[in-house]
Amino acid sequence: MRLESSARPLAVPPLPVTLADVEGARAIVSAAVMRTPTLHAPRLSQLTGADVWVKFENFQVTASFKERGAVVKLARLSADEARRGVVAMSAGNHAQAVAYHGTRLGISTTIVMPETTPQVKVLATEGFGARVVLYGEGVGEAAEEAARIAASEGRIFVHPYDDPDVIAGQGSVALEMIEDGPAFDTILVPVGGGGLISGVALAVKGHSPATEVVGVEAALYPAMWSLRTGQPRECGGPTLAEGIAVRNVGSLTSTIVAQLVDRIELVEESALERAVNALLILQKTVTEGAGAAGLAAILTDPDRYRGRRVGLVLSGANIDPRVLAGIMMRELEREHRIVSFRLTILDRPGMLGRISTLLGRLGANILEVHHRRTFLDVPAKGTRLDLTVETRDQAHADLIHKALEAEGLPVQRLGAGGADW
């Protein structure tokens with residue numbers, strides 16, 4: 001005999017934003033924001049074993065999805081609010097979105113950005129017409145300064161994620177993916193404060209409830225993961241995904257995520273680097289660390305997604321060019337296509353020529369050469385030679401290493417950053 005429980009089911013709090021709100025914001029977004037494509041990615045599919053589709057939000061004017069929520073919020077300001085102007089705090093993408101659409105709508109914009117914000121994002125925000133104030137080490141301190149400016153100047157504060165209009169606007173990303181793409185098994189969404197994934201979850205669960213909605217956070221900033229799992233983890237540290245480097249998630253967004261998001265996953269910095277590089281090399285598209293978080297999740301746990309039809313929200317492309325160049329070089333080193341060797345040789349004419357001839361015969365392209373004669377562990381008549389060469393792969397690098405040793409040259413393989421390999 002089955003015993004029925006007398007306990008009442010736990011009450012589910014009403015959602016602060018609904019599918020109707022997302023659909024109601026659609027007209028504002030459609031009138032002012034690009035409908036970006038959702039395209040199949042065969043080479044990423046081959047790399048991961050999943051059937052990968054990409055939503056290219058990096059095609060927006062400001063290279064980020066943030067335009068969607070910002071324009072809904074700004075378009076719904078009263079005449080008096082628009083006259084007073086707005087203030088926002090952001091590490092970059094929300095800043096540019098508010099600046100661009102504020103200028104377009106004739107609304108004065110002040111943006112408070114952390115002092116650590118990449119210069120490329122600061123200059124872009126100023127270029128869209130905003131007054132930029134650099135303040136504090138992170139978005140928390142920047143938010144406090146933005147609140148002070150709002151109070152002293154009478155400006156309207158435009159929150160980057162914990163605002164019903166902003167959340168509703170971001171949901172248009174998923175409405176377009178559902179209309180333009182296949183029936184997805186899973187949609188992977190970068191998570192910072194939770195505005196994007198909240199809007200996406202409302203749209204997806206409203207129209208395609210069988211589709212998983214999975215959030216992805218940088219492992220250094222697991223704020224939503226900690227809230228969701230009840231396992232507190234410290235937030236902090238330099239991350240490639242500064243666009244989602246948030247210590248505190250929103251109250252509205254956390255409510256929506258708790259009810260509609262299937263799970264939150266964490267990705268390490270190395271996976272983010274690999275994903276940024278893969279999108280550039282294989283997909284021929286530029287993304288910032290946060291934008292690559294979805295692909296990083298697949299690369300971290302490929303078995304979970306193998307054979308599944310997966311949609312990636314490529315949320316933005318505002319990456320410092322120097323950082324992007326560094327990522328590419330680091331990935332070439334990881335793939336053993338750029339390799340460094342350290343040799344201790346006799347300091348006499350012809351030695352360098354002998355080595356370069358050998359390397360040329362083996363098909364290695366010399367990129368850098370450094371002579372170091374002053375180290376005390378080098379013989380007085382010797383020199384330390386550091387060589388960086390371009391190779392085909394690890395097997396080719398190993399062949400070169402053995403050939404140098406066969407010539408009687410003491411050789412040491414160096415890894416990325418000059419550490420012993």
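Only Cα pairs under 8 Å and 6+ residues apart enter the sum, and on that basis the relative contact order of the range 261-394 stands at 21 percent. Charge tally around Glu269: other residues with Cβ under 14 Å, Lys/Arg +1 each, Asp/Glu -1 each, net -3. Starting from the Cα gyration tensor of the range 69-161, take the square roots of the eigenvalues, sort them a ≥ b ≥ c, and report rounded, prolate or oblate (rounded when a/c is under 1.5, otherwise prolate if a/b is larger than b/c, else oblate). Because a/c hits 1.5 or more and a/b fails to exceed b/c, the range 69-161 counts as oblate. Put simply, when 256-266, 359-369, 194-204 are sorted by average Cβ atoms within 10 angstrom per residue, most first, you get 194-204, 256-266, 359-369. With the cut-off at 1.5 for a/c, could you classify the range 151-242 from its C-alpha gyration tensor as rounded, prolate or oblate? Oblate, since a/c reaches 1.5 and b/c is not below a/b. Modelled this way, with points 7 Å down the Cα-to-C-beta line, the labels at Thr116 and Ser30 are 4.2 nm from one another.
Angle of helix 351-361 to the longest C-alpha principal axis of the chain, folded into 0 to 90 degrees and rounded to 10: 60°. Against the chain, whose longest principal axis is taken from its Cα atoms, helix 269-281 shows a tilt of about 90°. Packing, taken as the mean count of other beta carbons within 10 Å per residue, orders the peptides 318-326, 270-278, 94-102 from highest to lowest as 94-102, 270-278, 318-326. For the chain, the number of Lys pairs separated by eight or more positions or lying on different chains, with C-alpha atoms closer than 19 Å, is 4.
Highest mean packing comes first when the peptides 167-173, 235-241 are listed by Cβ atoms within 10 Å, giving 167-173, 235-241. Model label sites at Asp347 and Val133, defined 7 Å from Cα along the beta-carbon direction, differ in position by 5.9 nm. Residues whose amide H comes within less than 5 Å of that of Asp51, counting only those at least five positions distant or on another chain, are Gly307, Arg308, Arg309, Val310 (H built at 1.01 Å from N in the peptide plane). Scaled against 2.2 N^0.38 Å for its residue count N, the alpha carbon radius of gyration of the range 197-295 is 1.11.
Axis angle, to the nearest 10 degrees, between helix 66-75 and the longest C-alpha principal axis of the chain: 30 degrees.
Measuring how big the chain is from its alpha-carbon positions, Rg and Dmax come out at 25.7, 95 Å. Structural descriptor for the chain: relative contact order 15 percent, calculated from alpha carbon pairs under 8 angstrom and at least 6 residues apart.
Bear in mind that the values in this text are calculations on the coordinates, not laboratory data. Note that the coordinates shown come from a computational prediction; the quantities given were computed from them, not determined experimentally. Please note: Cβ atoms are built from the backbone with ideal geometry, for glycine as well, and neighbour counts cover all protein chains shown.
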